[in-house]
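Okay, so here's the structure we're looking at.
All of the numbers you see were taken from the coordinates with simple rules; none came from a lab. None of these values were measured; they are calculated from a predicted model. Positions of Cβ are backbone-derived with ideal geometry, glycine not excepted, and every protein chain shown enters the neighbour counts.
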Amino acid sequence: MIGLTFFNRYRILLISIALFCAALLLRIEYLRNTVVDGPIRADAREYVVYGFNLARHGTFSMQENTDNPSPDRHRTPGYPLLIALAFLLKKNQFYPVVLYMQAFFGAVTAVLTLYCGILFMPAAPGAKRGEPFGWALAAVILVVFFPHLVSMSGYLLSETLFSVVLLAAVALYYHGLRKSSIMLLLLSALIFGYAHMTTPTMVFVPVILGVLVPVSAKIKTGGFTRIKVKNTMFLTVSKRKSYGTDA
């Protein structure tokens, strides 16, 4: 991480591993000891139908009981793609596959929360900048242990996937600007696009971050022009990867 000594990086790595393991084990234990009555219903049922049709027919459709479903776009494809992957991995047991993938995503979200907290949040009084204390540590502890965030793994909810994708995109965007890396910016834009394909309401997030992240990161790229060019490329790719929905 930028501006950290080797000792601090090593300590952050150990803390990240411990938090990841705690979050993953807690979510796995929740899945093993929880039974959800009628888990595939309402929105979840629609996601499952889309995922099934993608895996079996290669068609994004909500039509059931047909060998030739007609494509539609009543839902965005981000979360159904995850369910389709579960169908391809284990057709008859796709549901637990999705849940355990979500448990893994929840653990990764905890680590990314710590990382983004170190990048953007102020350190505790008396701590050196970048140390994983104060608000960053408080935020990640909430993510690891907060009951609602733990229980999310046990339901077919797009928010679990959206959280990890969004935080990964933010971290990549930050480093793309800091390192003046077009590849990292393009990758972050693609991931932001996938986040929008998962939850369309985040459409303005890249626009807001395009202003706030350069200020927070204190980018020194040789002038406003280079930042403007990078952000223009980032926002353009993000929008082109976004998936429109019917009103």
Could you derive backbone 3J(HN,Hα) for the stretch 32-43 from the dihedral phi with the Karplus parameters 6.51, -1.76 and 1.60 (θ = phi - 60°), listing whole Hz in sequence and x where the residue is Gly or Pro?
5, 10, 10, 10, 9, 6, x, x, 9, 8, 6, 4
Mean separation of Cα contacts under 8 Å (6+ apart) over length of the stretch 1-156, as relative contact order %
27
Stretched out fully, how many nm does the piece from residue 41 to residue 138 gain, at 0.36 nm a residue minus the Cα gap?
31.4 nm
Sequence-distant residues sharing a close amide H with residue 73 (under 5 Å, placed H):
none
Roughly how many nanometres apart are two label points built 7 Å out from the Cα toward the Cβ at residue 204 and residue 66?
3.7
So, for the Cα atoms of the stretch 1-156, Rg and Dmax in Å stand at 19.6, 65
Fewest-first ranking of 74, 196, 148, 175, using other Cβ atoms within 10 Å as the exposure measure
148, 74, 175, 196
